[in-house]
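What follows draws every value from the coordinates through simple rules; no lab data is involved. Keep in mind that what you see is a predicted model, and the values were worked out from it rather than measured. Backbone-built Cβ (ideal geometry, glycine too); neighbour counts: all protein chains shown.
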Amino acid sequence: MTWMIKRDPFQELKNLREEMNRAFNPVPGLFNLEEGLLRGQWSPNVDIREDENAIYLEADLPGLKPGDFRLSIENYKLTLSGERRLEHEEKGENYHRVERSYGSFTRSFTLPTTVNIDDVKADFKDGVLRISMPKREEVKAREIQVAIKGADEAAKSKAAEVK
């Protein structure tokens, strides 16, 4: 009689990851290899969309003021960086839970060469940074009329046949 044993080929990797988390995690919740982030560091969420005229980027920067972040473009690479600080730390207060992340961040995005980087505009309101990156005129899609040789003559002869 042959017995088949169902085996997960990645179970050993999962076990190794759990062991690493236990080894490097003297304080629960401080570091988790699954997340790959230290508590206290964060990265703003970003949405990117495109239409025929431009590429749009929206970044959530809650609690930040315009002086708390920097936006730059160099060699078609858009970089958003800054820091979100804990507003006040009261001595003697016993926090029961701290879930909001603080710290420095950097997000970089490679832009296509179709973007007109001289006309990029940014607007910051209610904790949301909105960036509009218009496309260059010469790369926008446009319809081209195709002339068919002999089409006028064929249409005229058809019209003549109908009469």
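Between VAL128 and GLU19, what is the FRET efficiency for a Förster distance of 41 Å, r being their Cβ-Cβ separation, to the nearest 0.05? Plugging the Cβ-Cβ distance into 1/(1 + (r/R0)^6) gives 0.50.
Going by average Cβ neighbours within 10 Å, how do the peptides 58-71, 113-126, 9-22 rank, with the highest at the top? Kindly include the intermediate steps, with their values, before the conclusion.
Numbers: 58-71: 14.4, 113-126: 12.4, 9-22: 10.6.
For the peptides 58-71, 113-126, 9-22, the packing ranking is 58-71, 113-126, 9-22.
The label point for ASP118 and the one for ASN53, both projected 7 Å from the Cα toward the Cβ, are 2.0 nm apart.
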